[in-house]
Amino acid sequence: MVKKAELPQHIVKAAMDLAAEHGWLAVTMHDVAEAAGVSLADVYRHYPSKDAVLAGLGRLVDETVLDRGEIEPDEPARDRLFEVLMSRFDALEPYKAGVVAVLGALRRDPSIGLMQALPLERSMRWMLEAAGMPPRGLIGEIKVRALGAIWLDVLRVWAKDDSPDLAQTMKSLDKRLGQAEQWANTFEHRRRPPNPFRRPSEPETEPAGDDIAAAFDAEAAADGTAREGVAGGDGAGKAGKSGRRVEGGAGP
């Protein structure tokens with residue numbers, strides 16, 4: 001007998017197992033109820049549709065990441081995001097075969113992706129919170145969407161990564177975060193207006209803050225404040241709480 005508190009996860013696991021075996025498009029809610037050993041009413045109470053099951057999977061994964069506690073605030077912003085997103089991939093591992101089946105179904109039914117846009121946005125907001133970088137205002141919306149794009153891009157790599165340490169996934173994530181860091185530096189430099197009081201003989205002052213925090217904490221820069229403890233984006237050998245190590249920066 002499944003405990004009431006464990007029922008949502010039990011239903012999601014049954015749905016993902018069915019997707020791995022038969023394909024996501026072939027799975028019905030009746031199939032899910034039968035595989036989970038519960039009534040249709042029980043499934044409906046938690047997940048009234050297949051889209052709700054996928055959103056539920058996202059919530060379960062988010063809760064797993066958030067339960068692990070906050071990342072050390074003195075770590076560089078890029079390392080914090082790396083740790084949080086890799087924790088999310090770790091939490092997805094028990095459902096991997098089913099997730100791969102859902103990704104395959106997206107090619108035949110793009111509406112699956114459209115229905116998950118809002119749940120993904122919610123997840124990325126919470127991942128930023130977990131990294132100690134809460135999104136605020138217009139720049140916050142840019143943060144959320146940029147992180148969502150990075151997640152979806154690396155998710156395709158993770159789906160094909162069979163290595164025990166997810167080496168290809170880590171390499172891809174580090175590369176994409178490095179690209180975001182470079183974009184942030186360029187954006188921060190270009191949006192700074194020239195100093196009208198500078199003498200012609202004086203060089204233009206370069207903007208402070210040379211890393212991904214400019215993209216994911218740009219509202220602080222807009223207020224004229226500086227983020228402390230943010231290292232440059234060379235990606236060389238920083239280790240987070242989980243003990244993961246980012247080697248070689250963004251890579252080629």
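The values are calculated or read from the model by the stated rules, or taken from the named source; none is laboratory data. Remember, predicted model here, so these are calculated numbers, not experimental data. Here the Cβ is made from the backbone with ideal geometry for all residues, glycine too, and neighbour counts use every protein chain on show.
For Val2, the conditions (1) surrounded by fewer than 17 Cβ atoms within 10 Å (Cβ to Cβ); (2) part of a helix (DSSP H, G or I); (3) among the β-branched types (Val, Ile, Thr) are fulfilled apart from (2). Which of the residues that make up the stretch 1-36 are within 24 Å of Ala91 (Cβ to Cβ), more than 28 Å from the chain's Cα centre (by Cα) and at pLDDT below 95? Scanning the stretch 1-36 gives Val2, Lys3, Lys4. Can Arg125 be described as buried (at least 18 other Cβ atoms within 10 Å of the Cβ), at pLDDT 95 or above and closer than 30 Å to Ala52 by Cβ? Yes: the conditions hold for Arg125.
Evaluating Lys13 against the criteria (1) farther than 14 Å from Ala101 by Cα; (2) in contact (Cβ under 8 Å) with a residue 40 or more places away in the chain leaves one unmet condition, (1). Determine whether Ala36 is in contact (Cβ under 8 Å) with a residue 40 or more places away in the chain, surrounded by 15 or more Cβ atoms within 10 Å (Cβ to Cβ) and of a type in the set (A, V, I, L, M, F, W, C). Against the criterion (in contact (Cβ under 8 Å) with a residue 40 or more places away in the chain, surrounded by 15 or more Cβ atoms within 10 Å (Cβ to Cβ) and of a type in the set (A, V, I, L, M, F, W, C)), Ala36 does not qualify.
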